[in-house]
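This report concerns only the one structure given below.
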Amino acid sequence: MLFQIKKSMTVNLTIDSLQKWHPHTKPLLIAGPCSAETESQVLNTAKLLKKYNHNFIYRAGLWKPRSRAGTFEGVGNKGIKWLQQVQQQFNVKVCTEVATAKHVEVCLKNNIDILWIGARTTANPFSVQEIANALRGVDIPVLIKNPISDDLDLWIGAIERLNLVGITKIVAVHRGFFKPAESEFRNAPMWELPIKLKSLLPDLPMICDPSHITGNPKLLPHIAQKALDLDMDGLMIETHENPKVALSDAAQQITPVQLKKLMDSLVIRNQFSDSITFKNKLEQLREQIDILDNEMVDLLARRMTLSKKIGKYKKDNNVTILQIRRWKKILQTQSKHGSLVGFDDEFIRSLFTLIHDESIKVQTNVMNKK
Ligand code: PEP
Ligand code: MN
């Protein structure tokens, strides 16, 4: 697969489709506790998952990267044999997080089926490269979570590093991004970033981890449904036999029964429909959209012509470009106007900020013209 990452940088990636290495019904489901805690917790959770959900990959973290020292950092190597028991007793594939070459070595020696790279590790190219080096020439699927910060290049960089050592079974995992302000989510979804990654790498399988985005079970259905509606290939959802007593991420885990209810409630839509009526109707609506888009661009061009005139007028009268009162007034008026016709305030503000920035650019050019 050849694609463009930055204008200056074309990269050759070879990535297998998910179907090729893991036949599954859509959505692919990865479920299991945040951390492996005890043998009975690992096995009971798997047993309940098997009872209520037919098709899933089992997850459990053995080495937990915790932000603060002194919190539960995982059971480590001790948990490997519990995961092997899950493989044998329930005939499911198991995956765990790796952050160092040593973790990779232990997993490979013990036939762990799938590895994942956590958000804190994706953020560090040295660690990603260390993991990649330990995987050179190995044929194992690797899930790559987005980095904590909203830096798409770091996410792409991790995918590249793994691919360059020969890993072709790669899945991107969208788990949300660090949020600077208070929000209803534990991590901001910033859907525009996974969408951008998808448009850069259309063949890269991508799943969503709503547990780490929401931080609580209440918002899980909404985020899970949204991920599927954005055509993601699957979901990773933290599931624990008894979430209340979980040693990590207790607030966001759900029970296998709750998971079954959640999965049953999701609407699985198709990417395409072969119905002729659907296609015709869609085509008609798209034509109307195209006409409006053209009109919108023409209108913006007319608006910019006025900005140019204003720029010239300000220049002749030696007046500054930015007129903060006027700008505030536009925002206020259009927010009000927008809300009357049903627009979200944030949408109107972002739209007008873009238009205003462009108008300033146009006026700056006029002002500085010799
Ligand atoms: C996890 O999956 O438990 C985990 C630590 O996730 P993240 O790396 O997304 O924080
Ligand atoms: Mn977790």
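The values are calculated or read from the model by the stated rules, or taken from the named source; none is laboratory data. Please read all numbers here as calculations on a predicted model, not as lab measurements. Using ideal geometry, Cβ is built from the backbone for each residue, glycine included, and neighbour counts are taken over all protein chains shown. These area figures cover heavy atoms from the full protein model, side chains too; ligands, DNA and RNA do not enter into them. Shrake-Rupley method; radii C 1.70, N 1.55, O 1.52, S 1.80 Å.
Things worth noting here:
- Unsatisfied cross-links (Cα-Cα over 20 Å) in the set 81/260; 93/169; 50/261; 51/261; 20/93; 308/336: 81/260; 308/336
- Per residue, the chain reaches -15500 deg cm²/dmol at 222 nm when only DSSP H runs of four or more residues are counted, each adding -39500 (n - 2.57).
- For segment 276-368, the solvent-accessible area with a 1.4 angstrom probe is 83 square angstrom per residue.
- Cα centroid separation, segment 198-260 to segment 265-310 (Å): 31 Å
- Relative to the dominant Cα principal axis of the chain, helix 80-90 is inclined by about 80°.
- Rounded to the nearest whole Hz, the Karplus-based 3J(HN,Hα) values (6.51 cos²θ - 1.76 cosθ + 1.60, θ = phi - 60°) of segment 161-170 follow the sequence 4, 5, 5, 5, 8, x, 6, 10, 8, 10, with x at glycine and proline.
- Short-range pairs are left out: with C-alpha atoms under 8 Å and at least six residues apart, the relative contact order of the chain is 14 percent.
- Amide H contacts for residue 177 (H built 1.01 Å from N in the peptide plane; partners 5 or more residues away or on another chain; cut-off under 5 Å): 188.
- Packing-based order for 159-168, 33-42, 316-325, using average beta carbon neighbours within 10 Å, highest first: 33-42, 159-168, 316-325
- Most to least packed among 143-149, 249-255 [average Cβ atoms within 10 Å]: 143-149, 249-255
- The residues neighbouring residue 122, those whose beta-carbon lies less than 15 Å from its own, together hold a net charge of -3 under the Lys/Arg +1, Asp/Glu -1 convention.
- What a 1.4 Å probe finds exposed on the chain is 55% carbon and sulfur by accessible area, rounded to a whole percent.
- Here's how it looks for residue 208: its modeled amide H is under 5 Å from those of 174, 234, 235, 236, which are all 5 or more places away or on a different chain.
- Relative to the longest principal axis of the Cα atoms of the chain, the long axis of helix 125-134 lies at roughly 40 degrees.
- Calculated P(r) of segment 276-368 - Cα pairs past 22 Å, %: 45 percent
- Total formal charge among the other residues, if their Cβ is under 9 angstrom from that of residue 94, Lys/Arg +1 and Asp/Glu -1: +1
- Rounded to whole Hz, the Karplus (6.51, -1.76, 1.60) HN-Hα couplings of segment 144-160, x for glycine and proline: 10, 6, 5, x, 4, 8, 7, 10, 4, 4, 5, 5, 4, x, 5, 4, 4
- Amide H partners (placed H, <5 Å) of residue 61, local residues excluded: 35, 36
- Candidates per GluC sites (Glu not before Pro) in segment 173-255, loop by DSSP, up to 15 other Cβ within 10 Å: 182, 184
- 3J(HN,Hα) along segment 362-370, derived from phi through the Karplus expression 6.51 cos²θ - 1.76 cosθ + 1.60 where θ = phi - 60°, amounts to 4, 5, 4, 4, 5, 4, 8, 5, 6 Hz, with x in place of Gly and Pro.
- Cubic angstrom per residue, convex hull over Cα atoms of the chain: 194 Å³
- Loop chymotrypsin sites (Phe, Trp or Tyr not before Pro), segment 140-185 (other Cβ atoms within 10 Å of the site Cβ: 16 or fewer; DSSP): 178
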